[in-house]
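Visitor: Would you mind keeping the following structure in view while I ask a few things?
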Amino acid sequence: MKSAKQKVFVFGWPSFLGGADTKLAHLLVLLHQHCEITVVPNENKHLHDRHWTKFLDAYGIKYALFQNLPSKLEGFGLSMSNQCFFSHRIAHSAKEKGLKIIWSSEMMWHHDGELEAVKQGVVDKALYVSEFQKRTLAPGYADLPSAITGNYVESEFFPFKERHNANFTIGRLSRADPLKYPEDFPVFYEALELPEARFRVMAWSDQLTHKYRWHLFDDRWDLLKPEKESQVDFLHSLDLFVYPLGHTFRESWGRSTVEAMLTGCIPLVPSGHQFEALMVHGESGFICGDFLEYRNYAQQLFYDFPLRTRLAKQCREHAVTNLCDREEHLRVWLEVFQ
Amino acid sequence: MKGRYCYWSVVDGDYAVMAQAVVKSARRVGVFKDFHIWTDRPVEGAICHQAAKFDKWGCLFKLTYLRDAVKQLNYDYFVWLDSDTYFVRNPGDVLRVMRCSPVHITLECDLSNPENRRPDWWDCPNDQFVELMRAKGVRSKAVFNVNGGLFIAHHDVIETLFNLAYEFWTYCKENGWTFNDEPLLAYAMQMLCGNPYAHTFRETMDLWASDWTGRYHDDLPDGKAWFFSDYFTEEKILVNPAIVHAMRSKSALIVSAGA
């Protein structure tokens, strides 16, 4: 008997490093009971990654290399921010096998070969994470069918914790992309003038060390390599998620910010991105323009523990209720596969 | 031993003569830091380097010398001085104005201040200049102008500083504005300093100020307090900086050099 579930081939591999791959991990959890999913990694090495094969096994999700798939397929081929999907013509081959191709850039730019593939009719549907992202990318897609699917975060993966850190701690979690960091990042943190505060960053890299080679990172700083700690442990160590961004970078959504909110870490983020859609300023985070706004809010939260405690809970509540509603995300995603 | 900082400048002709006055004034008040001067003639008391012929337009040579020559020197920080500068007392630790920033240049006036009487900076209307700065990532509510007479850069930020300045120069040129060193330094400073409000004129005026109105016209600063005039609002502020950018004292500096 033919399965009623849609067949979805996901081109990529889950990870807890980087927004798109983390998104994929959570998306698989969301969809596994409703779709017949096969994850197709770019490289063979992923199939030996016990952590993630066990994860997929636990949810009954299949995985296979592209060359081991049948010559004819039916269903959907989904890929999100996978650099190789177009440049290695995986999308083209998947289309030839009979899949309807669904693509999500996840970024504020088009990937190598993406627009050419769209012009060639390889892509059947484009997905956006936000209206903000859509305004930037849509002109390149012309009349391609599209949907805004947002960014599902499985809230149970990021439990709330009431903070009692010995030292007030601020920090950030993001890809170690130098463009995501403002030119003055370490001075910016230190100039917030938070007494005895600690500064924690994950994921740090040699490139970032080079970028800020003029700064003396003293013992207030923990600069952690990617995945040095679990995301949850790391976020639990922070009181505030202070997330200034580089001047050429635009955040399409802000996944790590929502993850922080779920754990009760209060975000202070820049205006001019997508953050207005993720929080209510003053109630579940702070959207800042001027440096003095960052400093005033950070100091207010430092000195007023009851306020901090209340806002931490509100961050969690806001994220769970407004951003991570499982049923709503499921409805949106199942519509994509119609 | 690696010095924490040195002063530096690039001069020729009369400016080289004035540089002699700068060094003499510094020594007179007990400043014995190294002065590295790229010059076409000897400057006593300074470590002199032969200045190649340089294009003076817009003072952009400050940035190219910084990147190509000064960076080769073994100091943590470099303090640029225009050659029409005069020390009236020992400034103490000049690096106190860094406040952890890798760059310092005094942020003088807020170009977005509605009280401004001067409508433009280097012929660019204030609101357009603010737009240019915001478009290239300056986030603070106040957008400041600077005077290029003194700036300090950490050795390891020079490449970034130069690149930011060049990025801004290119962007402005594409938008019809060809700027000299000051708007470029103002941009790079506000991108790199963390908290711009820690580097304003009022926060740092004990170290350095520019006598652009000519309080000491054809005369040398004497270490007494004087009124600085805000370039945009014309507000008068009583100052007594250790280092004076004696812009209107050039003839007196030349005389002083030979005295």
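Visitor: Would you mind working out the accessible area per residue for the protein assembly as shown, using a 1.4 Å probe, and quoting it in Å²?
Guide: Ligands and nucleic acids excluded, the figure is 42 Å² per residue.
Visitor: With unit charges on the beta carbons (Lys and Arg positive, Asp and Glu negative) and the dipole taken about the Cα centre of the protein assembly as shown, which residue among B:Gly223, B:Ser83, A:Gln314 sits farthest to the positive side?
Guide: Toward the positive end, the furthest listed residue is A:Gln314.
Visitor: Here's a follow-up. Using the eigenvalues of the Cα gyration tensor, what equivalent ellipsoid semi-axes result for segment A:209-301 when each is taken as the square root of five times the eigenvalue, whole Å, largest first?
Guide: Those come to 21, 17, 15 Å.
Visitor: Tell me, rounded to the nearest percent, the portion of alpha carbon pairs in chain B spaced more than 36 Å apart.
Guide: Percent of Cα pairs beyond 36 Å in chain B: 8.
Visitor: Relative to the longest principal axis of the C-alpha atoms of chain A, give the angle of the C-alpha long axis of helix A:131-141, reported between 0 and 90° and rounded to the nearest 10°.
Guide: That helix lies at roughly 40 degrees to the long axis.
Visitor: Here's another thing I want to ask about it. Can you pull the one-decimal nm distance between simple spin-label points at A:Glu74 and A:Asn44, each 7 Å off the Cα toward Cβ?
Guide: For A:Glu74 paired with A:Asn44, the spin-label model returns 3.2 nm.
Visitor: I would also like to ask the following. Based only on Cα atoms, what Rg/Rh ratio does segment B:40-84 have, Rh being taken as Kirkwood's radius?
Guide: Value, to two decimals: 0.94.
Visitor: Using alpha carbons only, how many degrees (0 to 90, rounded to 10) separate the axis of helix B:158-174 from the longest principal axis of chain B?
Guide: Orientation of helix B:158-174: about 50 degrees from the principal axis.
Visitor: P(r) for segment A:111-185, please, calculated from all Cα pair distances in 5 Å bins and given in %.
Guide: Pair shares across the bins are 3, 10, 14, 13, 15, 15, 12, 8, 5, 4, 2, 0.
Visitor: In vacuo Debye scattering of segment A:6-115, one point per C-alpha: log10 I(q)/I(0) at q = 0.22 Å⁻¹?
Guide: For the requested q values the scattering log ratios are -1.33.
Visitor: Please list, by residue number, everything in segment B:67-102 whose backbone N is under 18 Å from a paramagnetic label point 7 Å out along Cα→Cβ of A:Arg220.
Guide: Residues B:96-102 qualify, since their backbone N sits under 18 Å from the label point.
Visitor: Residue farthest toward the positive end of the dipole of the protein assembly as shown, with Cβ of Lys/Arg at +1 and Asp/Glu at -1: which of A:Gly254, A:Ile61, B:Ser251?
Guide: So the residue we want is A:Ile61.
Visitor: Long-range amide H contacts for B:His36: which residues qualify at under 5 Å (H placed 1.01 Å from N, peptide plane, sequence gap of 5 or more or a different chain)?
Guide: HN-HN under 5 Å from B:His36: B:Tyr7, B:Trp8, B:Ser9, B:Ile47.
Visitor: When Cβ neighbours within 10 Å are restricted to other protein chains, what is their mean count per residue of peptide B:191-199?
Guide: 6
Visitor: How many nm is it between the label spots at A:Glu317 and B:Leu73, if each spot is 7 Å from the Cα in line with the beta carbon?
Guide: In this crude spin-label approximation the distance works out to 6.0 nm.
Visitor: So, taking all protein chains as they sit and a 1.4 Å probe, how much accessible area belongs to A:Asp112, in Å² rounded to tens?
Guide: 110
Visitor: Output the relative contact order of chain B, whole-number percent, from Cα pairs under 8 angstrom with separation of 6+ residues.
Guide: Across chain B, relative contact order equals 24 percent.
Visitor: Looking at the protein assembly as shown, what % of its DSSP beta bridges pair antiparallel, to the nearest 5?
Guide: DSSP beta bridges in the protein assembly as shown are roughly 25 percent antiparallel.
Visitor: Sticking with this structure for a sec: In whole Hz, what ³J(HN,Hα) sequence does segment B:207-223 give by Karplus (6.51, -1.76, 1.60; θ = phi - 60°), x for Gly and Pro?
Guide: After applying 6.51 cos²θ - 1.76 cosθ + 1.60, I find 8, 8, 8, 9, 8, 6, 8, x, 4, 10, 4, 6, 9, 9, x, 10, x Hz.
Visitor: How much accessible surface does B:Cys100 have with a 1.4 Å probe, in Å² rounded to 10?
Guide: In the full protein context, B:Cys100 sits at about 70 Å².
Visitor: What total accessible area, in Å², is buried where chains B and A meet, using a 1.4 Å probe and rounding to the nearest 100?
Guide: Adding both sides of the contact gives about 1700 Å².
Visitor: Once every DSSP H run of n ≥ 4 in the protein assembly as shown is given -39500 (n - 2.57) and the sum is divided by its residues, what mean residue ellipticity at 222 nm do you get, rounded to the nearest 500 deg cm²/dmol?
Guide: After summing the helix terms and dividing by residue count, I get -9000 deg cm²/dmol.
Visitor: Starting from the amide H of A:Phe168, placed 1.01 Å from N in the peptide plane, find each other amide H under 5 Å away whose residue is 5 or more places distant or on another chain.
Guide: A:Arg198
Visitor: Further question: Kindly identify residues of segment A:267-299 having a loss of at least 40 Å² in accessible area between the isolated chain and the assembly of all protein chains, probe radius 1.4 Å.
Guide: SASA drop of 40 Å² or more in segment A:267-299: A:Asp290, A:Phe291.
Visitor: Run the paramagnetic zone check for A:His88: 7 angstrom along Cα to Cβ, then residues of segment A:3-31 with backbone nitrogen under 16 Å.
Guide: A:10-15, A:21
Visitor: Excluding B:Asn145 itself, calculate the net charge of residues whose Cβ lies under 9 Å from the Cβ of B:Asn145, where each Lys or Arg counts +1 and each Asp or Glu counts -1.
Guide: Combined, the nearby Lys, Arg, Asp and Glu give -3.
Visitor: log10 I(q)/I(0), Debye, Cα-only the protein assembly as shown, no solvent, q = 0.10 Å⁻¹?
Guide: -0.92
Visitor: Related question: Please work out the Kirkwood hydrodynamic radius for segment A:12-64, using every pair of different C-alpha atoms, and report it in angstroms with one decimal place.
Guide: Hydrodynamic radius (Kirkwood, Cα pairs) of segment A:12-64 is 11.0 Å.
Visitor: Apply the Karplus curve 6.51 cos²θ - 1.76 cosθ + 1.60, θ = phi - 60°, to the phi angles in segment B:119-132 and return the couplings in whole Hz, x for Gly and Pro.
Guide: Those phi angles translate into x, 8, 10, 6, 6, 8, x, 3, 5, 5, 5, 4, 4, 4 Hz.
Visitor: To one decimal place, what orientation-averaged projected area in nm² is obtained for the convex hull of the Cα set of segment B:1-79?
Guide: Taking a quarter of the hull surface, the average projection is 5.3 nm².
Visitor: I'd like the mean, over residues of B:210-219, of how many other protein chain beta carbons sit within 10 Å of each residue's own Cβ.
Guide: For peptide B:210-219, the averaged partner shielding equals 0.
Visitor: With a 10 Å cut-off between alpha carbons and a GNM built on chain A, which of A:Arg213, A:Arg310, A:Arg163 moves the most?
Guide: Top of the fluctuation ranking is A:Arg213.
Visitor: Regarding segment B:106-259, what is the average projected area of its C-alpha convex hull, in nm²?
Guide: Projected over every direction and averaged, the Cα hull of segment B:106-259 covers 9.9 nm².
Visitor: Averaged across B:135-144, how many Cβ atoms of other chains sit within 10 Å of each residue's Cβ atom?
Guide: Neighbouring Cβ atoms belonging to other protein chains average 4 per residue here.
Visitor: Also, I was wondering about something else. With the contact rule set at Cα under 8 Å and sequence spacing of 6 or more, what percent relative contact order holds for chain A?
Guide: This gives 15 percent for chain A.
Visitor: Under a plain spin-label model, where a point goes 7 Å from the Cα along Cα-to-Cβ, how far apart in nm are B:Lys33 and A:Asp124?
Guide: Label-label distance for B:Lys33 and A:Asp124, simple model: 6.8 nm.
Visitor: How large is the dipole of chain B about the Cα centre if only Lys and Arg carry +1 and Asp and Glu carry -1, each at its Cβ, rounded to the nearest 20 debye?
Guide: Dipole of chain B, to the nearest 20 debye: 620 debye.
Visitor: On a 1.4 Å probe surface of the protein chains, which of A:Cys84, B:Cys172 comes out largest in accessible area, and what is the full order?
Guide: Result, largest first: A:Cys84, B:Cys172.
Visitor: Along each of the three principal axes of the Cα atoms of chain A, give the extent in whole Å, ordering the values from largest to smallest.
Guide: Per principal axis, max minus min of the Cα coordinates gives 64, 38, 38 Å.
Visitor: Also, quick follow-up: Per-residue HN-Hα couplings for segment A:186-198, Karplus 6.51 cos²θ - 1.76 cosθ + 1.60 at θ = phi - 60°, whole Hz, x for Gly and Pro?
Guide: x, 5, 4, 4, 5, 6, 5, 6, 9, x, 6, 6, 10
Visitor: For segment A:43-191, what class follows from the C-alpha gyration tensor (a ≥ b ≥ c being the square roots of its eigenvalues): rounded when a/c is under 1.5, otherwise prolate if a/b is larger than b/c, else oblate?
Guide: Judged from the Cα gyration tensor, segment A:43-191 comes out oblate (a/c at least 1.5, b/c at or above a/b).
Visitor: Please list, in chain and number order, the residues 5+ apart from B:Trp208 or on another chain whose amide H is under 5 Å from its amide H, with Hs placed from the backbone.
Guide: For B:Trp208, the qualifying residues are B:Ala242, B:Ile243.
Visitor: Still on this structure, please answer the following. Any idea of B:Arg99's accessible area? Nearest 10 Å², probe 1.4 Å.
Guide: Surface accessible to solvent at B:Arg99 totals approximately 110 Å².
The values are calculated or read from the model by the stated rules, or taken from the named source; none is laboratory data. No experiment lies behind these values; they were computed from the predicted model shown. Glycine also receives a Cβ, built like all others from the backbone with ideal geometry; neighbour counts cover every protein chain displayed. Ligands, DNA and RNA are excluded from the accessible area calculation, which covers all protein heavy atoms including side chains. Shrake-Rupley method; radii C 1.70, N 1.55, O 1.52, S 1.80 Å.
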